[in-house]
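Notes follow once the structure below has been shown.
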Amino acid sequence: MVNLDSDGTEFEAYLAEPAGEVHGGVIVIHEIWALNDHTKSVADRLAAEGYLALAPNLLSMLELGDKAAQLQLQSDLFNLEKRNEAQPKIRALMTPMQDPDFGSKTMAKLRVCFDELYNRPAIGQKVAVMGFCFGGSYSFGLAAHEPRLKLALPFYGHTTTDLEELKQIKCPIRAFYGENDENLITALPSLKANMKTAGVDLEAKVYPGAGHAFFNDTNPYAYNTAAAKDAWPRVLELLKTYLV
């Protein structure tokens, strides 16, 4: 764990370093469950492939409880009989995210993370971002706010419909979705159209039979083995292609 500073506000991040040659840097942004074992494991996997991975904790202010409590809440969210009961609990937990300044403060932290990687000589100014759910959405966001970013890999994230903001995206976007993630899949045609109008290089991979959070192998209620095992080599190939 390392400590970073954003305008006088300190926040933690998990840093995973390669044992040998460094091929570039990747910011890894967590789901709504804050920085957890899943996010750290993704960072470790990237480090094993030669990428310096930095995973900030952007939701440390949330009172999510212990692992058992989080797992139970995840279970309830994916249980049709308990979902209506679980959703108000999630909304209550996410109250700090309703702060009008939350978005700008979070983006400021991500830009600190970007600079932390970008300015390391071993990185060679080659930085990508990868994120999941909450992190997928902020992967889109960082792409719109950081023109030096080389690649964005959002998993099941959403983005703004503001064309002027989308026009600020300079890097390729390679997005991943599960076919059963109804809200995001419904919005995908509009997202593609907006990105095309804005001149953004977007490609989206949709996995049949998979839903939200399909890549999270610590979530037995959402993990889809086939989709996750297909997505990972795609991620590595994309990093190899664009972090040059």
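The values are calculated or read from the model by the stated rules, or taken from the named source; none is laboratory data. For clarity, every value in this text was computed on a predicted model and none was experimentally measured. Every residue, glycine as well, gets a Cβ built from its backbone with ideal geometry; the counts of neighbours run over all protein chains shown.
For region 130-168, the set of residues classified as touching a Ser or Thr at 6+ places or on another chain (Cβ under 9 Å), among the hydrophobic types (A, V, I, L, M, F, W, C) and surrounded by 21 or more Cβ atoms within 10 Å (Cβ to Cβ) consists of Met130, Phe132, Phe140, Ala143, Ala144, Leu151, Ala152, Leu153, Phe155, Leu166, listed by residue number.
Would you confirm, using the coordinates I've provided, whether Met130 is assigned to a strand (DSSP E or B) and under 17 Å from Ile32 (Cα atoms)?
Working: assigned to a strand (DSSP E or B): yes; under 17 Å from Ile32 (Cα atoms): yes.
When the stated conditions are applied, Met130 passes them.
The single residue among Ala228, Ala222, Ala213, Ala204 that is touching a residue at least 40 places away in the same chain (Cβ under 8 Å), in contact with a Phe, Trp or Tyr (Cβ under 8 Å, 6 or more places away or on another chain) and within 28 Å of Gly24 (Cα to Cα) turns out to be Ala213.
Criterion applied to Leu54, Leu59, Leu71, Leu64 was being at pLDDT 95 or above and either under 23 Å from Met130 (Cβ atoms) or not acidic (Asp, Glu) (or both), and the one residue passing it is Leu54. Residues in region 6-54 that are of a type in the set (A, V, I, L, M, F, W, C), part of a loop (DSSP other than H, G, I, E, B) and closer than 22 Å to Leu93 by Cα: Ile32, Trp33, Ala34, Leu35. For the condition without any contact (Cβ under 8 Å) to a residue 60 or more places away in the chain and more than 20 Å from Ala13 (Cα to Cα), Ala68 qualifies. Taking the criterion of being within 17 Å of Phe134 (Cα to Cα) and in contact with a Pro (Cβ under 9 Å, 6 or more places away or on another chain), the only residue of region 178-196 that qualifies is Gly178.
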